[in-house]
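The values are calculated or read from the model by the stated rules, or taken from the named source; none is laboratory data. These numbers come from a predicted model, not from an experiment. All Cβ positions, even for glycine, are placed from backbone atoms using ideal geometry, and neighbour counts span all protein chains on display.
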Amino acid sequence: MSSVSVVIPCYKYGDYLRACVDSVLDNPGLDVRVLIIDDASPDDSAEKAHAIAAGDPRVEVRVHQQNKRHIATYNEGLLEWADGDYVALLSADDMLTPGALNRAVALLDANPNVGFAYGHPVHFQHPGPPPPANTGTGETAIYNGHWWLERRFREGTGCITSPEVVVRTDLQRKVGGYDPDLPHAGDIEMWMRLAAHADVGYVKADQAYYRLHGKNMSATDFAGQLDDLRQRKTAYEAVLTKTRDLLPEADRWDAMVHRRLARFALRRAVRAYDRGRTATVPEEELVAFAAECWPDYKSLPEYRGLQVRRRVGAKTMPYLQPLVLSAVAAKGREWLWWRSWERRGI
């Protein structure tokens, strides 16, 4: 019987703990152990964690006397406590879908070359109940780790929310824990670091519920979005620093992702003009970030689009947006970029 160690860090999420733990334990046929680590919550989260553990010997609790923050808490569970064949990290406000661990473990058991498995995360809005999960038909996919990693560098974004991932424990120990220098992009860097060492498995099913609420750690304001870009840049650079000797095309990937991140920054500056938000968007900082990523940033189509908008003016641009786009389309590539951007919602 395969064993899974599940680490559940908790800070003021006691109200969500019961649903989270129940979703983990509802995987018959597996040896599942759970560690709840309360990171010095000022509310009754620790008491709720202990009440859950008192009712099930598979659940343990650790309570920090001082807040250590999420990265240190993650690493405590993953590197110091987890001893199962596989390990999963699940925030206390999220849940697994029915049978998620069984599906991931079946894939990993059958494919020893696969370092971690993930699937589709279902995002739902708190306080509403999560929608029914599509548990799939048993189909899976196996991706060469370096192929999967190249796609991440090509796209410049993460494709994993986090709770849907199950990792081979010995590989987790080999690559180490989460990087404390990446408080907001440590998960992206972790998945890429794992993929540098092993293949990647995908379960074609809903594997986890990601709860959307006001306390989520995410970048929602424009300053936060710029910080997100900076964190992503640092994450990709960290992966190359730590695994370059494993990646024959590291230099090409390095250039590819820096160009991509520069384009993301310029797109956000462009969008500020189109939506009348130049007063709140740090345009000059976004352009400076683009220049830092890609010195030839002025040759990018997004920069040319930004120059058009600057000439039109921030007050006028939202009204003239369709005309400007049509004029630029007659000259070439930006129209194609714009349509792609609109479809993806970047």
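Among the strands (runs of 3 or more DSSP E) lying completely within the stretch 109-190, list those that include at least 2 residues that are touching an Asp or Glu at 6+ places or on another chain (Cβ under 9 Å) and among the polar types (S, T, N, Q). Before the answer, list the steps.
Details: elements: 114-125, 140-143, 166-168.
Here the list is empty.
Considering only residues in the stretch 131-166 that are closer than 20 Å to L247 by Cβ and among the hydrophobic types (A, V, I, L, M, F, W, C), the one that is modelled with the lowest pLDDT turns out to be C159.
Residue count for the stretch 87-98 under the criterion of being in a loop (DSSP other than H, G, I, E, B) and buried (at least 19 other Cβ atoms within 10 Å of the Cβ): the result is 6.
In the stretch 83-102, the residues that are in contact (Cβ under 8 Å) with a residue 60 or more places away in the chain reach residues that are among the acidic types (D, E) with C-beta atoms within less than 6 angstrom, at least six apart or across chains, in these pairs: T97/D206. Against the test of being within 28 Å of L226 (Cα to Cα) and among the β-branched types (V, I, T), the options T140, T169, T157, T135 yield a single qualifying residue, T157.
Looking at Y178, Y210 in this structure, which one is within 24 Å of A82 (Cβ to Cβ), touching a Ser or Thr at 6+ places or on another chain (Cβ under 7 Å) and surrounded by 18 or more Cβ atoms within 10 Å (Cβ to Cβ)?
Matching residue, one of Y178, Y210: Y210.
Of the numbered criteria (1) within 17 Å of the chain's Cα centre (by Cα); (2) acidic (D, E); (3) modelled with pLDDT of 95 or more, the one D199 fails is (1). Could you say whether any residue in the stretch 114-128 is surrounded by 20 or more Cβ atoms within 10 Å (Cβ to Cβ), touching a residue at least 12 places away in the same chain (Cβ under 8 Å) and over 25 Å from P28 (Cβ atoms)? Yes, there is a match, as at least one residue in the stretch 114-128 is surrounded by 20 or more Cβ atoms within 10 Å (Cβ to Cβ), touching a residue at least 12 places away in the same chain (Cβ under 8 Å) and over 25 Å from P28 (Cβ atoms).
Would you confirm, using the coordinates I've provided, whether V287 is β-branched (V, I, T), at pLDDT 95 or above, crowded, with 17+ Cβ neighbours inside 10 Å and part of a helix (DSSP H, G or I)?
yes
Within the stretch 48-69, residues that are in the same structural domain as L35 (by TED's automatic domain parsing) and free of Cβ contacts under 8 Å to residues at least 40 places away in the same chain sit with their Cβ atoms under 8 Å from residues that are assigned to a loop (DSSP other than H, G, I, E, B) and surrounded by 13 or more Cβ atoms within 10 Å (Cβ to Cβ), at 6+ positions apart or across chains, in these pairs: V63/A40; H64/D39; H64/A40; Q65/A40; Q66/A40; K68/D39; K68/A40. Where helices (runs of 4 or more DSSP H) fall entirely within the stretch 1-86, those with at least 3 residues that are buried (at least 18 other Cβ atoms within 10 Å of the Cβ) and in contact with a helix residue (DSSP H, G or I) (Cβ under 8 Å, 6 or more places away or on another chain) are at 14-25, 45-54.
Within the stretch 44-64, the set of residues being more than 17 Å from V6 (Cβ to Cβ) and of a type in the set (V, I, T) comprises V63 only.
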